[in-house]
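Written out below as structure tokens is the structure these notes cover.
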Amino acid sequence: MVCTISSVLLAFAAALSLSSATVTSQFSLSGNYTPTVIPCPANQTYVRPASSGLSPSEKAWLSLRRPNVANALEAYLNNVGIPGFNVSAYISALKTNQSSVPIIGLTMSGGGNRAELCAYGVYQALDARYPSAWSSKTGGLLQAMTYTTS
């Protein structure tokens, strides 16, 4: 049997196309690489309705996060020093009723270098670990947040 380079390449290409078809069919519902319309499974919901409340895992996480938020909020409010505002009484009330701890969230735009630099600046301005933010009285809000995303 005479084996030429072209016959080896042809055999390799055939094996490659066969294996990629097998891989494609394993990871693609349509069986190919191109976008394809496929029917959604019946009787399956991917979004939990808000009326059903938080998931058990989220509730457990929030119960662990709330004391940290209250402590961070106390440090932040003491640093800001709002005249006439009794930080101790406020934090005491929050710690007595954990469900009253405010839920603070921050979301940032993304997708490019400018958005990334802007988000970095905002995070730095709100972070208590950054001395300039703390002295400017914006630092500490990041630690008091429940949710952040960008």
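The values are calculated or read from the model by the stated rules, or taken from the named source; none is laboratory data. Please read these numbers as outputs of a predicted model, since none were measured by experiment. Positions of Cβ are backbone-derived with ideal geometry, glycine not excepted, and every protein chain shown enters the neighbour counts. The area values use the complete protein model at the heavy-atom level, side chains included, leaving out ligands, DNA and RNA. Shrake-Rupley method; radii C 1.70, N 1.55, O 1.52, S 1.80 Å.
Couple of notes before you dig in:
- In region 105-117, residue farthest from Thr148 (Cα to Cα) [restricted to those that are surrounded by 14 or more Cβ atoms within 10 Å (Cβ to Cβ) and touching a helix residue (DSSP H, G or I) at 6+ places or on another chain (Cβ under 8 Å)]: Met108
- Residue within region 118-126 that is under 28 Å from Ser63 (Cα atoms), of a type in the set (Val, Ile, Thr) and surrounded by 11 or more Cβ atoms within 10 Å (Cβ to Cβ) present: yes
- Residues being small (Gly, Ala, Ser) and exposed (fewer than 10 other Cβ atoms within 10 Å of the Cβ) - total across region 80-104: 4
- From the options Leu77, Leu62, residue that is aliphatic (A, V, I, L, M), surrounded by 10 or more Cβ atoms within 10 Å (Cβ to Cβ) and either without any contact (Cβ under 8 Å) to a residue 12 or more places away in the chain or in contact with a helix residue (DSSP H, G or I) (Cβ under 7 Å, 6 or more places away or on another chain) (or both): Leu77
- Here Gly53 clears all of (1) open to solvent by 70 Å² or more (accessible area, probe 1.4 Å); (2) at pLDDT below 95 except the condition numbered (1).
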